[in-house]
Amino acid sequence: TVGDPDDELVTFGSPGLSDLADHVTVSGGKAHTVSADQATVGGGSGHTASGKNATISGGETNKAGFGGAVGGGSQNDASSGVSATIGGGQGNTSSGGGSTVAGGRNNTASGGDSFAVGNGCTASGEKSFAAGKDANAGNSGTFVWSQDGAGTTGDNQVVFQAKGGFRIKGTDNAAIFN
(Lines give C-alpha, C1' and ligand atoms only; values in the text may rest on other atoms or scores of the structure.)
Protein backbone atom coordinates (compact mmCIF):
# COMPACT_ATOMS: atom_id res chain seq x y z
CA THR A 1 0.00 0.00 0.00
CA VAL A 2 1.32 3.41 -0.96
CA GLY A 3 0.26 6.68 0.66
CA ASP A 4 -1.25 7.59 4.00
CA PRO A 5 -2.50 4.35 5.64
CA ASP A 6 -5.66 6.16 6.72
CA ASP A 7 -6.50 7.04 3.09
CA GLU A 8 -5.54 3.62 1.63
CA LEU A 9 -4.50 5.20 -1.64
CA VAL A 10 -3.19 2.22 -3.58
CA THR A 11 -2.69 -1.50 -2.92
CA PHE A 12 -0.17 -3.38 -5.07
CA GLY A 13 -0.21 -7.16 -5.41
CA SER A 14 -2.82 -9.72 -4.43
CA PRO A 15 -3.68 -10.60 -0.84
CA GLY A 16 -1.46 -13.41 0.39
CA LEU A 17 1.25 -12.90 -2.22
CA SER A 18 4.64 -11.56 -1.25
CA ASP A 19 5.58 -10.22 -4.70
CA LEU A 20 4.36 -6.83 -5.79
CA ALA A 21 3.17 -6.05 -9.30
CA ASP A 22 6.03 -4.74 -11.44
CA HIS A 23 6.13 -1.68 -13.67
CA VAL A 24 2.77 -0.23 -12.66
CA THR A 25 1.64 3.39 -12.96
CA VAL A 26 -0.85 5.13 -10.70
CA SER A 27 -1.17 8.84 -11.46
CA GLY A 28 -3.64 9.84 -8.78
CA GLY A 29 -6.88 9.18 -7.00
CA LYS A 30 -7.43 6.83 -4.09
CA ALA A 31 -8.38 3.31 -3.03
CA HIS A 32 -7.09 1.58 -6.19
CA THR A 33 -6.00 -2.06 -6.38
CA VAL A 34 -3.29 -2.85 -8.92
CA SER A 35 -2.47 -6.56 -8.89
CA ALA A 36 -0.79 -7.21 -12.23
CA ASP A 37 2.39 -6.21 -14.05
CA GLN A 38 2.38 -3.20 -16.35
CA ALA A 39 -1.06 -2.03 -15.24
CA THR A 40 -2.02 1.65 -15.24
CA VAL A 41 -4.57 3.70 -13.31
CA GLY A 42 -4.83 7.38 -14.24
CA GLY A 43 -6.97 8.69 -11.41
CA GLY A 44 -10.41 8.55 -9.86
CA SER A 45 -11.27 6.19 -7.03
CA GLY A 46 -11.79 2.55 -6.22
CA HIS A 47 -10.45 1.03 -9.46
CA THR A 48 -9.17 -2.54 -9.86
CA ALA A 49 -6.51 -3.24 -12.51
CA SER A 50 -6.19 -7.02 -12.20
CA GLY A 51 -4.60 -8.12 -15.47
CA LYS A 52 -1.27 -7.52 -17.16
CA ASN A 53 -1.37 -4.34 -19.30
CA ALA A 54 -4.75 -3.31 -17.84
CA THR A 55 -5.54 0.41 -18.13
CA ILE A 56 -8.11 2.54 -16.33
CA SER A 57 -7.96 6.23 -17.16
CA GLY A 58 -10.33 7.59 -14.53
CA GLY A 59 -13.82 7.56 -13.11
CA GLU A 60 -15.02 5.50 -10.18
CA THR A 61 -14.99 1.78 -9.28
CA ASN A 62 -14.03 0.53 -12.75
CA LYS A 63 -12.31 -2.83 -13.42
CA ALA A 64 -9.91 -3.92 -16.17
CA GLY A 65 -8.29 -7.31 -16.74
CA PHE A 66 -5.61 -8.71 -19.06
CA GLY A 67 -5.02 -6.17 -21.84
CA GLY A 68 -8.35 -4.53 -20.98
CA ALA A 69 -9.08 -0.83 -20.81
CA VAL A 70 -11.71 1.45 -19.30
CA GLY A 71 -11.64 5.10 -20.34
CA GLY A 72 -13.78 6.43 -17.51
CA GLY A 73 -17.29 6.50 -16.13
CA SER A 74 -18.40 4.43 -13.18
CA GLN A 75 -19.00 0.79 -12.30
CA ASN A 76 -17.74 -0.47 -15.68
CA ASP A 77 -16.22 -3.96 -15.87
CA ALA A 78 -13.70 -5.06 -18.53
CA SER A 79 -11.97 -7.55 -16.25
CA SER A 80 -12.90 -10.96 -17.67
CA GLY A 81 -12.33 -10.71 -21.44
CA VAL A 82 -8.83 -10.54 -22.93
CA SER A 83 -8.37 -7.08 -24.48
CA ALA A 84 -11.93 -6.06 -23.59
CA THR A 85 -12.58 -2.31 -23.76
CA ILE A 86 -15.09 0.18 -22.35
CA GLY A 87 -14.96 3.82 -23.43
CA GLY A 88 -17.01 5.17 -20.55
CA GLY A 89 -20.56 5.41 -19.28
CA GLN A 90 -22.07 3.56 -16.35
CA GLY A 91 -22.68 -0.06 -15.49
CA ASN A 92 -21.26 -1.47 -18.73
CA THR A 93 -19.65 -4.91 -19.08
CA SER A 94 -17.23 -5.98 -21.81
CA SER A 95 -16.37 -9.63 -21.23
CA GLY A 96 -15.79 -11.18 -24.65
CA GLY A 97 -12.26 -11.38 -26.01
CA GLY A 98 -11.64 -8.22 -28.07
CA SER A 99 -15.12 -6.90 -27.25
CA THR A 100 -15.98 -3.20 -26.87
CA VAL A 101 -18.65 -1.10 -25.18
CA ALA A 102 -18.24 2.41 -26.53
CA GLY A 103 -20.30 4.02 -23.80
CA GLY A 104 -23.83 4.52 -22.56
CA ARG A 105 -25.48 2.69 -19.69
CA ASN A 106 -25.96 -0.95 -18.77
CA ASN A 107 -24.63 -2.39 -22.03
CA THR A 108 -22.95 -5.79 -22.42
CA ALA A 109 -20.49 -6.97 -25.07
CA SER A 110 -19.91 -10.63 -24.20
CA GLY A 111 -19.37 -12.22 -27.62
CA GLY A 112 -15.85 -12.36 -28.99
CA ASP A 113 -15.04 -9.22 -31.03
CA SER A 114 -18.52 -7.83 -30.29
CA PHE A 115 -19.57 -4.16 -29.95
CA ALA A 116 -22.37 -2.49 -27.95
CA VAL A 117 -23.39 1.13 -27.39
CA GLY A 118 -26.51 2.87 -26.13
CA ASN A 119 -28.77 1.92 -23.24
CA GLY A 120 -29.34 -1.68 -22.20
CA CYS A 121 -27.90 -3.22 -25.38
CA THR A 122 -26.43 -6.72 -25.52
CA ALA A 123 -23.97 -8.04 -28.13
CA SER A 124 -23.54 -11.67 -27.08
CA GLY A 125 -22.98 -13.24 -30.49
CA GLU A 126 -19.45 -13.57 -31.87
CA LYS A 127 -18.62 -10.55 -34.07
CA SER A 128 -22.00 -8.95 -33.30
CA PHE A 129 -23.07 -5.28 -33.06
CA ALA A 130 -25.87 -3.87 -30.88
CA ALA A 131 -26.80 -0.18 -30.70
CA GLY A 132 -29.67 2.02 -29.59
CA LYS A 133 -32.00 1.02 -26.76
CA ASP A 134 -32.36 -2.58 -25.59
CA ALA A 135 -30.91 -3.99 -28.84
CA ASN A 136 -30.05 -7.69 -28.62
CA ALA A 137 -27.49 -9.10 -31.07
CA GLY A 138 -27.57 -12.61 -29.65
CA ASN A 139 -26.31 -14.51 -32.66
CA SER A 140 -22.99 -14.63 -34.53
CA GLY A 141 -22.31 -12.08 -37.27
CA THR A 142 -25.36 -9.94 -36.47
CA PHE A 143 -26.02 -6.18 -36.56
CA VAL A 144 -28.94 -4.67 -34.61
CA TRP A 145 -30.07 -1.05 -34.39
CA SER A 146 -33.07 -0.84 -32.09
CA GLN A 147 -35.21 2.01 -30.89
CA ASP A 148 -36.89 -0.17 -28.29
CA GLY A 149 -36.03 -3.83 -27.90
CA ALA A 150 -35.42 -5.55 -31.26
CA GLY A 151 -33.17 -8.57 -31.56
CA THR A 152 -31.89 -11.31 -33.82
CA THR A 153 -33.37 -14.77 -34.37
CA GLY A 154 -30.43 -16.38 -36.20
CA ASP A 155 -26.85 -15.94 -37.35
CA ASN A 156 -25.73 -13.37 -39.94
CA GLN A 157 -28.82 -11.12 -39.70
CA VAL A 158 -29.22 -7.34 -39.92
CA VAL A 159 -32.13 -5.96 -37.87
CA PHE A 160 -33.33 -2.33 -37.84
CA GLN A 161 -36.16 -1.08 -35.66
CA ALA A 162 -37.28 2.53 -36.01
CA LYS A 163 -40.88 3.53 -35.22
CA GLY A 164 -40.64 6.43 -37.69
CA GLY A 165 -39.49 4.14 -40.53
CA PHE A 166 -36.09 4.33 -42.19
CA ARG A 167 -34.56 5.53 -45.45
CA ILE A 168 -31.82 4.30 -47.69
CA LYS A 169 -30.65 7.20 -49.81
CA GLY A 170 -28.49 7.17 -52.90
CA THR A 171 -27.40 10.08 -55.09
CA ASP A 172 -30.80 10.74 -56.71
CA ASN A 173 -33.68 9.05 -54.91
CA ALA A 174 -34.46 7.62 -51.53
CA ALA A 175 -36.14 4.32 -50.85
CA ILE A 176 -38.47 4.73 -47.89
CA PHE A 177 -39.53 1.74 -45.79
CA ASN A 178 -42.35 1.81 -43.25
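The values are calculated or read from the model by the stated rules, or taken from the named source; none is laboratory data. Being a predicted model, the structure only gives us computed values, none of them experimental. Note that we place each Cβ from the backbone using ideal geometry, even for glycine, and neighbour counts take in every protein chain shown. The protein model used for the area step is the full one, side chains on, heavy atoms only, and it has no ligands, DNA or RNA in it. Shrake-Rupley method; radii C 1.70, N 1.55, O 1.52, S 1.80 Å.
Residue check: residue 126 meets all listed conditions (1) at pLDDT below 95; (2) in a loop (DSSP other than H, G, I, E, B) but one, namely (1).
Given the structure, is residue 115 closer than 27 Å to residue 21 by Cβ and of a type in the set (Phe, Trp, Tyr)?
Working: closer than 27 Å to residue 21 by Cβ: no; of a type in the set (Phe, Trp, Tyr): yes.
No, not satisfied.
Checking the stated criteria, residue 71 turns out to be under 30 Å from residue 30 (Cβ atoms) and surrounded by 19 or more Cβ atoms within 10 Å (Cβ to Cβ).
Limited to region 113-122, what total is found for residues that are open to solvent by 10 Å² or more (accessible area, probe 1.4 Å) and closer than 13 Å to residue 143 by Cα? The qualifying residues number 4. In region 34-53, the count of residues that are of a type in the set (S, T, N, Q), farther than 15 Å from residue 93 by Cβ and open to solvent by 50 Å² or more (accessible area, probe 1.4 Å) is one or more. Kindly check whether there is at least one residue in region 105-112 that is touching a strand residue (DSSP E or B) at 6+ places or on another chain (Cβ under 6 Å), open to solvent by 40 Å² or more (accessible area, probe 1.4 Å) and either in a loop (DSSP other than H, G, I, E, B) or farther than 20 Å from residue 129 by Cα (or both). No, because not a single residue in region 105-112 is touching a strand residue (DSSP E or B) at 6+ places or on another chain (Cβ under 6 Å), open to solvent by 40 Å² or more (accessible area, probe 1.4 Å) and either in a loop (DSSP other than H, G, I, E, B) or farther than 20 Å from residue 129 by Cα (or both).
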